[in-house]
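Engineer: Would you mind keeping the following structure in view while I ask a few things?
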Amino acid sequence: MHTVHEAIVQAAPDRIFGLVAEVEGWPALDPAYRWCRILERGPDRLLFEMAGLIRGFPAKWTATQDRFPTERRIRFHHVRGITTGMVVEWHLVPSSTGVRVTLTHDLALQWPVIGRIATEWVVGPVFIDWIATRTIRQVKRVAEED
């Protein structure tokens, strides 16, 4: 499964980058994210646990976050939970019309027999698309508030 969500955001790239990088603030950004706990913190890397209510279903996952500020890119890699193995990337590209924010998700569930079907027909379109749409919309809204 590969999903792409994009938005043009009228805000400074550093402001957008900061909103995306501060996962501890995501529950305030969108109530679908219930809580976030940092397990390890490094200069450009986090290990965190997060829980949410995704379309009414409880979810909990652990992920790493790698920040590449000079590239204006943030990568998440899910290491525990139902979405183990998923790679999520945020790319920020300034343009004449604002900052193009691209959010991608890549996931191939390694479940015997039904992994691909579950990924392509349920997890991706029903859950990942739903939360990604909300998250990028909220990042845009908050970044543009000032």
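Engineer: Return a yes/no flag: does region 122-133 have any residue that is of a type in the set (Asp, Glu), within 14 Å of the chain's Cα centre (by Cα) and within 22 Å of Ala7 (Cα to Cα).
Structural biologist: Filtering region 122-133 for residues of a type in the set (Asp, Glu) gives 129.
Narrowing further to those that are within 14 Å of the chain's Cα centre (by Cα): 129.
With within 22 Å of Ala7 (Cα to Cα) added as a condition, the list becomes 129.
Yes: one or more hits.
Engineer: For Ser96, all conditions in the list (1) crowded, with 16+ Cβ neighbours inside 10 Å; (2) at pLDDT below 95; (3) not hydrophobic (A, V, I, L, M, F, W, C) hold save one; what is the number of the exception?
Structural biologist: The number of the failed condition is (1).
Engineer: Scan region 58-65 and tell me whether some residue there is at pLDDT 95 or above and in contact with a helix residue (DSSP H, G or I) (Cβ under 6 Å, 6 or more places away or on another chain).
Structural biologist: No: region 58-65 contains no residue that is at pLDDT 95 or above and in contact with a helix residue (DSSP H, G or I) (Cβ under 6 Å, 6 or more places away or on another chain).
Engineer: Going by the structure shown, is Ile128 part of a helix (DSSP H, G or I) and either within 20 Å of Trp26 (Cα to Cα) or touching a Ser or Thr at 6+ places or on another chain (Cβ under 9 Å) (or both)?
Structural biologist: Here the answer is yes, as Ile128 does meet what is asked.
Engineer: Still on this structure: When only residues in region 63-98 that are small (Gly, Ala, Ser) and free of Cβ contacts under 8 Å to residues at least 60 places away in the same chain count, which is farthest from Phe127 (Cα to Cα)?
Structural biologist: Of all residues in region 63-98, those small (Gly, Ala, Ser) come to 63, 81, 85, 95-96, 98.
Right, trim to free of Cβ contacts under 8 Å to residues at least 60 places away in the same chain and you get 63, 81, 85, 96.
Working: Ala63: 17, Gly81: 14, Gly85: 16, Ser96: 33 Å.
Top of the filtered list is Ser96.
Engineer: State whether one or more residues within region 32-44 are out of contact with any Gly (no Cβ under 9 Å at 6 or more places or on another chain), surrounded by 15 or more Cβ atoms within 10 Å (Cβ to Cβ) and not β-branched (Val, Ile, Thr).
Structural biologist: The first filter runs over region 32-44 and keeps only residues out of contact with any Gly (no Cβ under 9 Å at 6 or more places or on another chain), leaving 37-44.
From what's left, surrounded by 15 or more Cβ atoms within 10 Å (Cβ to Cβ): none.
No: zero hits.
The values are calculated or read from the model by the stated rules, or taken from the named source; none is laboratory data. As the structure is a computational prediction, the values presented were derived from the model and not from experiment. So basically every Cβ, Gly included, is an ideal-geometry build from the backbone, and we count neighbours across all protein chains shown.
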